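All remarks here apply to the structure that follows.
The values are calculated or read from the model by the stated rules, or taken from the named source; none is laboratory data. Quick caveat: nothing in here was measured; it's all calculated off a predicted structure. Glycine also receives a Cβ, built like all others from the backbone with ideal geometry; neighbour counts cover every protein chain displayed. Just the protein is used for accessible areas: all its heavy atoms, side chains included, with ligands, DNA and RNA removed. Shrake-Rupley method; radii C 1.70, N 1.55, O 1.52, S 1.80 Å.
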Amino acid sequence: MRRRDLIALLGSVVTLPPFAASGQKGDQMRQIGSLAAAPFKPFDSFRQRLRELGWSEGQNVGFAYRWAEGDDTRYPALAAELVALKVDVIVSWGTPAALAAKRTTATIPIVVGALGTALDTGVFPNLAHPGGNITGFSSLNFEIAGKHVELLKDLIPGIGRVAVLSNSTNPGAAVAIRYAETAAKTAGLRLDNVQFRDAGDLATALPALSRLHPDAVLVIADSQLLAQRQRIVEFMMANRLPAIYAFPEFAEAGGLLSYSVDYNDLFRQAAVYVDKILRGANPGDLPVQQAVKFKLVVNLKTAEALGLTVPPLILAQADEVIE
């Protein structure tokens with residue numbers, strides 16, 4: 001909308017919905033709050049897309065960042081800080097962050113940049129018309145746990161047992177386990193679930209996982225684990241455990257395989273929603289959307305170190321091969 005049109009609109013309207021009123025502030029600097037585990041790369045894509053839409057940092061928009069740094073219990077306090085700053089929009093990543101933001105404010109618009117699943121998490125009451133002050137994007141990263149199991153089956157000869165590492169406090173983890181169990185039953189595999197509650201628990205959870213002597217490991221999507229990716233990848237390599245992950249950053253850090261949504265694409269879409277809200281749209285009227293672009297990354301260097309030959313079929317599916 002052009003500025004003169006905006007001024008004319010404000011002059012002609014007596015009463016505005018609360019979200020539109022908060023979004024139409026003339027030339028005033030807008031503030032976007034980011035709530036996530038760490039400053040992951042897709043936030044760069046988010047800011048780039050905002051620039052393309054006319055929002056330049058330091059000119060007409062500013063950012064307030066709050067990172068949980070691997071501790072999900074910090075999210076409520078961090079969300080409260082963003083509310084106290086009176087940001088115009090909160091952009092979150094992950095179920096714990098989204099729930100904390102939703103529970104902290106019923107007025108500031110919330111755009112969930114990536115939610116592992118829209119199922120059984122309590123974040124969105126309705127996908128087509130979420131209502132209230134929240135909308136966003138589902139990465140389907142829990143639903144694709146079944147695909148992770150299938151990839152492990154195709155990659156590792158004679159595989160029989162898979163250990164699963166999951167966050168017991170993340171509501172989406174139970175969804176992922178259900179999908180993984182269905183795929184494992186079809187493939188004739190045994191699943192053993194090793195749970196943790198926070199990053200501190202990894203000191204015991206990882207050795208417990210190794211003691212199971214699995215043929216492979218499935219690391220369930222969790223932004224808290226993403227912040228610990230180097231530690232996890234190094235453990236898997238030291239214990240010669242083939243593992244598949246739900247974020248490409250794991251493969252880039254030396255992990256064997258990752259299969260996930262294209263997070264850069266998802267956060268560029270989130271930027272479009274933020275642009276709409278800053279220009280007056282009601283977040284509750286913007287439908288929750290699901291990821292449509294996915295990415296398979298294969299690390300051949302790691303495969304060689306583990307003594308594995310990646311089948312041509314998997315290589316043919318790969319969007320990126322690290323050599």
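Conditions tested, residue by residue: (1) basic (Lys, Arg); (2) more than 18 Å from the chain's Cα centre (by Cα); (3) not in a strand (DSSP E or B).
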residue: ARG74; (1), (2), (3): yes, no, yes
residue: LEU78; (1), (2), (3): no, no, yes
residue: VAL83; (1), (2), (3): no, yes, yes
residue: ILE90; (1), (2), (3): no, no, no
residue: ALA97; (1), (2), (3): no, no, yes
residue: VAL123; (1), (2), (3): no, no, yes
residue: PRO130; (1), (2), (3): no, yes, yes
residue: GLY136; (1), (2), (3): no, no, no
residue: GLY146; (1), (2), (3): no, no, yes
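Which number in (1) modelled with pLDDT of 95 or more; (2) in a helix (DSSP H, G or I); (3) open to solvent by less than 30 Å² (accessible area, probe 1.4 Å) marks the one condition that ARG51 misses?
It fails just one condition, (3).
For the range 177-192, what are the residues that are touching a strand residue (DSSP E or B) at 6+ places or on another chain (Cβ under 7 Å), buried (at least 16 other Cβ atoms within 10 Å of the Cβ) and more than 19 Å from THR117 (Cα to Cα)?
Of all residues in the range 177-192, those touching a strand residue (DSSP E or B) at 6+ places or on another chain (Cβ under 7 Å) come to 177, 180-181, 184, 189-192.
Next cut, buried (at least 16 other Cβ atoms within 10 Å of the Cβ) only: 177, 180-181, 184, 189, 191.
Scanning the range 177-192 gives ALA184, LEU189, LEU191.
ASP275 - would you say it is of a type in the set (D, E, K, R), more than 14 Å from the chain's Cα centre (by Cα) and closer than 23 Å to LEU50 by Cα? Even if it seems obvious, please write down each step before you answer.
Values: of a type in the set (D, E, K, R): yes; more than 14 Å from the chain's Cα centre (by Cα): yes; closer than 23 Å to LEU50 by Cα: yes.
Spelling it out, ASP275 is indeed of a type in the set (D, E, K, R), more than 14 Å from the chain's Cα centre (by Cα) and closer than 23 Å to LEU50 by Cα.
Would you pick out the residues in the range 30-72 that are polar (S, T, N, Q) and under 17 Å from the mean Cα position of the chain (by Cα)? So that I can check it myself, show each step before the final result.
In the first step, residues of the range 30-72 are kept if they are polar (S, T, N, Q); the result is 31, 34, 45, 48, 56, 59-60.
Scanning the range 30-72 gives SER34, SER45.
In contact (Cβ under 8 Å) with a residue 24 or more places away in the chain, open to solvent by 60 Å² or more (accessible area, probe 1.4 Å), on the phi < 0 side of the Ramachandran plot and touching a Phe, Trp or Tyr at 6+ places or on another chain (Cβ under 9 Å): which single residue out of ASP275, ASP262, ASP319 fits that description?
Details: ASP275 fails: open to solvent by 60 Å² or more (accessible area, probe 1.4 Å); ASP262 fails: open to solvent by 60 Å² or more (accessible area, probe 1.4 Å).
Testing whether each residue is in contact (Cβ under 8 Å) with a residue 24 or more places away in the chain, open to solvent by 60 Å² or more (accessible area, probe 1.4 Å), on the phi < 0 side of the Ramachandran plot and touching a Phe, Trp or Tyr at 6+ places or on another chain (Cβ under 9 Å) leaves just ASP319.
How many residues are over 16 Å from the mean Cα position of the chain (by Cα) and small (Gly, Ala, Ser) when one looks only at the range 148-173? Please lay out each step first, then the result.
Kept after step one, since they are over 16 Å from the mean Cα position of the chain (by Cα), are these residues of the range 148-173: 148-165, 168.
From what's left, small (Gly, Ala, Ser): 158, 160, 163, 168.
Result for the range 148-173: 4.
Does the range 186-211 hold any residues that are in contact with a Leu (Cβ under 9 Å, 6 or more places away or on another chain) and closer than 14 Å to GLY146 by Cβ, and which are they?
Applying the first criterion (in contact with a Leu (Cβ under 9 Å, 6 or more places away or on another chain)) to the range 186-211 yields 187, 189, 191-196, 199, 202, 205-206, 209-210.
Within the range 186-211, ALA187, LEU189, LEU191 meet the criteria.
Quick one: is LYS25 of a type outside the set (Asp, Glu), at pLDDT 50 or above, open to solvent by 30 Å² or more (accessible area, probe 1.4 Å) and under 15 Å from ALA271 (Cβ atoms)?
Against the criterion (of a type outside the set (Asp, Glu), at pLDDT 50 or above, open to solvent by 30 Å² or more (accessible area, probe 1.4 Å) and under 15 Å from ALA271 (Cβ atoms)), LYS25 does not qualify.
Any idea which residue in the range 193-223 is surrounded by the most Cβ atoms within 10 Å (Cβ to Cβ), counting only those that are hydrophobic (A, V, I, L, M, F, W, C) and within 23 Å of TYR75 (Cβ to Cβ)?
Of all residues in the range 193-223, those hydrophobic (A, V, I, L, M, F, W, C) come to 194, 196, 199, 202-203, 205-206, 208-209, 212, 216-221.
In the following step, the residues that additionally are within 23 Å of TYR75 (Cβ to Cβ) were identified as 196, 199, 202-203, 205, 219-221.
Working: PHE196: 23, ALA199: 20, LEU202: 19, ALA203: 10, ALA205: 19, VAL219: 25, ILE220: 27, ALA221: 30.
For the range 193-223, the residue satisfying everything is ALA221.
Please specify each residue of the range 287-307 satisfying the condition of being touching a Pro at 6+ places or on another chain (Cβ under 9 Å), touching a residue at least 60 places away in the same chain (Cβ under 8 Å) and open to solvent by 30 Å² or more (accessible area, probe 1.4 Å).
Matches in the range 287-307: PRO287 only.
Which members of the range 128-176 meet the condition of being surrounded by fewer than 20 Cβ atoms within 10 Å (Cβ to Cβ), closer than 30 Å to GLY307 by Cα, among the β-branched types (Val, Ile, Thr) and touching a helix residue (DSSP H, G or I) at 6+ places or on another chain (Cβ under 9 Å)?
ILE159
Quick check: anything in the range 220-243 among the acidic types (Asp, Glu) and in a loop (DSSP other than H, G, I, E, B)? Please lay out each step first, then the result.
Going residue by residue through the range 220-243, those that are among the acidic types (Asp, Glu) are 222, 234.
So of that shortlist, the ones also in a loop (DSSP other than H, G, I, E, B) come out as 222.
Within the range 220-243 (the criterion being among the acidic types (Asp, Glu) and in a loop (DSSP other than H, G, I, E, B)), the answer is yes, since at least one residue qualifies.
Spot the failing condition for LEU140; the list is (1) part of a loop (DSSP other than H, G, I, E, B); (2) farther than 18 Å from ILE244 by Cβ; (3) touching a residue at least 12 places away in the same chain (Cβ under 8 Å), and only one is missed.
Of (1) part of a loop (DSSP other than H, G, I, E, B); (2) farther than 18 Å from ILE244 by Cβ; (3) touching a residue at least 12 places away in the same chain (Cβ under 8 Å), only one is false for LEU140: (2).
When the range 148-170 is examined, which residues are found to be closer than 15 Å to LEU256 by Cβ, hydrophobic (A, V, I, L, M, F, W, C) and not in a helix (DSSP H, G or I)?
ILE156, ILE159, VAL162, ALA163, LEU165
Could you check the range 106-127 and list, in sequence order, the residues that are open to solvent by 10 Å² or more (accessible area, probe 1.4 Å) and hydroxyl-bearing (Ser, Thr, Tyr)?
If the condition is that a residue be open to solvent by 10 Å² or more (accessible area, probe 1.4 Å) and hydroxyl-bearing (Ser, Thr, Tyr), then THR107, THR121 are the ones that fit.
Being modelled with pLDDT of 90 or more and among the hydrophobic types (A, V, I, L, M, F, W, C) is the filter here, so list the residues in the range 141-170 that pass it.
Within the range 141-170, ILE144, ALA145, VAL149, LEU151, LEU152, LEU155, ILE156, ILE159, VAL162, ALA163, VAL164, LEU165 meet the criteria.
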